[in-house]
Amino acid sequence: MSNQFPNQLPDYPITRLLDSRAPSVVGRSARLDLVFEARRGKTAIARAYAEPPFRIGRSFDVDGAAYVILVCSGPGVFAGDALDLSVRVQPGARVILTSQSALQVHPSAASTPALIRHRYVVEGDGELQAHWDPVIPFAAARLDQRFELQIDEPSRLYWSDALMSGRVDRAETWSFDRVAHELRLHVGTNLKYLERFTLQAHERSLMHPWVVGGMHYMATALTHHDAVTPETAELLQREIETGGDIRVRAGVDLLESRLVIGRLLASCGAPFASARACYRQLVMRSIFDRPLQRLRK
């Protein structure tokens, strides 16, 4: 470790694996694998492997949790790209993950969508907090993204993903070709939550009041924890409404014991980001009993 450069990933065993991809698919087909383990009251990266354009930033300790920023160093994803992410949190480990920036989905004349696959496994009494920047599908873009969350019953989870209607500041909204999305949460052997939709702006008006209305930003936040109760769900709904910004709509529902979902819609980016950050801090304070976390990128 003493010979390591400041920005060099530690020499974990799996990082020495050879990249066997053909040169023609480098940057278009990539895999990222991470395994975290508990070590003497803290969490460390036990194994890591990343193929370009993926890059794993350094792990920072945040009150015993490993805070890692996942980087996609390319300009975004294009039709035909295939990105696979796999994360395992071993028993007792605590992990905080975020992205470096929003993921751009570029247009392409090809009919094949960009494919993004995420799989997260949280074992035993492990904990995963994942807060992702929004996906931005450009005009004529095609995207198929799937998130699979597999957690053990005693484990803890906070998950938040987001989607934008497009490049809002350029008035390029809801003009992508197709966005397919799936989010699955298994707790033990049981499927506890399934969110699946396909948006195709050319088939129907997404701006209809019964679809998204005048909103351009949407987010889902799932929380699984022993401290989730009807009372905490009501508290989250009441507190998130206190902000009173008419550009943001929020709804919180108790799906079942230990599992609560929050939904956010917004017409503008700044209040959307603020509402997401506020909701996360409310969950950390009222459910996880964690101090205020100031996470920098």
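Bear in mind these aren't lab numbers, they're just calculated from the coordinates by the rules spelled out. Just so you know, these numbers come straight off a predicted model, no measurement behind them. Neighbour counts run over all protein chains shown; Cβ positions are idealised from the backbone, glycine included.
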Simple Cβ-charge dipole of the chain, Lys/Arg +1 and Asp/Glu -1, about Cα centre, in debye nearest 20: 620
Potential lengthening between Asp289 and Ser257 on full extension [0.36 nm per residue; Cα-Cα distance subtracted]: 9.7 nm
Overall dimensions of segment 64-175 by Cα: Rg and Dmax, Å: 15.7, 47
Trypsin sites (Lys or Arg not before Pro) restricted to DSSP loop in segment 22-82 with at most 14 other C-beta within 10 Å: Arg40, Arg58
The chain, helix-only ellipticity at 222 nm - DSSP H runs n ≥ 4, -39,500 (n - 2.57), divided by all residues, nearest 500: -3500 deg cm²/dmol
Shape of the chain, Cα gyration tensor, a/c cut at 1.5: oblate
DSSP beta bridges in the chain [antiparallel fraction, %, rounded to 5]: 50
DSSP bridge orientation in segment 113-213 - percent antiparallel, rounded to nearest 5: 30
Mean separation of Cα contacts under 8 Å, 6 or more apart, over the residue count of the chain: relative contact order %: 11
When the convex hull of its Cα atoms is projected in every direction, mean area for segment 215-290 (nm²): 4.3
